[in-house]
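Just so it is clear, none of the values below were taken in a lab; they were calculated from the coordinates. Just so we're clear, the structure is a prediction, and the values are computed from it rather than from any experiment. Cβ atoms come from the backbone with ideal geometry, glycine included; neighbour counts cover every protein chain shown.
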Amino acid sequence: MSPKSFRQPKFVPSKQKNMKKNVLVFGSIAGLITTIVMVCSTAACYISADYHGNMWLGYGSMILAFSMIFVAVKNFRDKYNGGVISFGKAFQIGLYIALIASTIYVLTWLIEYYAFFPNFMEKLTDYTLKQARENGATAAEIAKTKQQFASYAEMYKTPFGVILFTYIEILPVGLVIALIAALALKRKNADPQLATN
């Protein structure tokens with residue numbers, strides 16, 4: 001037999017391995033985007049004391065970051081899955097990306113909060129109450145806001161509370177976008193061109 005007969009077959013990565021790689025890459029990118037904006041906006045809050053504007057900036061960055069879910073699902077569908085993907089598989093990819101990005105965000109906030117901004121909740125409470133008074137809120141409304149922020153401050157007394165509060169802040173955004181991406185990108189029938197690649 002010729003040496004060519006013993007040639008090893010070319011290794012083809014499994015779909016599962018490709019999906020994991022896809023999720024890790026795009027989840028990390030999404031986490032990096034939200035983290036960079038969070039670090040910058042938190043510092044800006046302490047400089048300008050504009051918590052309201054920076055809050056909207058933060059949520060805008062989350063939407064931008066989680067748009068990576070669309071890219072990841074389409075990339076896996078077209079490049080590794082023959083141009084088809086079920087709603088369940090697409091949502092699974094989105095869910096994992098949302099979890100990875102959210103976890104990066106939460107861990108970064110834990111370091112930032114305890115190391116640099118331990119009085120963040122106190123400053124946010126003072127700012128919110130000041131804005132309420134300036135906007136003509138009634139005494140009952142101010143009291144209700146105080147009570148609400150007192151419950152937040154109670155949660156922030158333990159690392160577990162900070163983790164839970166921060167996940168609640170970001171993860172639902174990722175889940176909604178994962179759902180939208182799964183609905184938009186699911187495909188039962190392959191594009192003939194993709195299927196032959």
(request) Provide the gained length on full extension for the span Ser67 to Lys79, in nm with one decimal, where the gain is 0.36 nm per separating residue minus the Cα-Cα distance. (result) 2.5 nm
(request) Eight or more residues apart or on different chains, and alpha-carbon atoms under 25 Å: count the Lys pairs in the range 48-155 matching that. (result) 6
(message) With n ≥ 4 as the cut-off for DSSP H runs, can you work out [θ] at 222 nm for the chain, using -39500 (n - 2.57) per run divided by the number of residues, rounded to the nearest 500?
(response) -26000 deg cm²/dmol
(message) On a full-extension model of 0.36 nm per residue, what is the gain between Ser14 and Lys188, subtracting their alpha-carbon distance, rounded to one decimal in nm?
(response) 60.6 nm
(request) Would you mind ranking Arg133, Arg77 by Cβ crowding within 10 Å, fewest neighbours first? (result) Arg133, Arg77
(message) Between Ala43 and Lys130, how high is the FRET efficiency from 1/(1 + (r/R0)^6) when r is the Cβ-Cβ distance and R₀ = 22 Å? Nearest 0.05.
(response) 0.60
(message) Defining a contact as two alpha carbons under 8 Å apart and six or more residues distant in sequence, what relative contact order in percent does the chain show?
(response) 34 percent
(message) If you take P(r) over Cα pairs in 10 Å bins from 0, in percent from the coordinates, which of [x] 10, 40, 40, 10, 0; [y] 8, 27, 25, 18, 11, 6, 2, 1, 0, 0; [z] 9, 36, 39, 16, 0 do you get?
(response) [y]
(request) Evaluate E = 1/(1 + (r/R0)^6) for Ala143 and Leu107, where r is the Cβ-Cβ distance and R0 equals 35 Å; express this FRET efficiency to the nearest 0.05. (result) 0.50
(message) I need the peptides 117-124, 134-141, 67-74 ranked by packing, meaning the mean over residues of other C-beta atoms within 10 angstrom, with the highest value on top.
(response) 67-74, 117-124, 134-141
(message) At a 10 Å Cβ-Cβ cut-off, how would you order Ile29, Ile111, Ile36, Ile100, fewest neighbours first?
(response) Ile111, Ile36, Ile29, Ile100
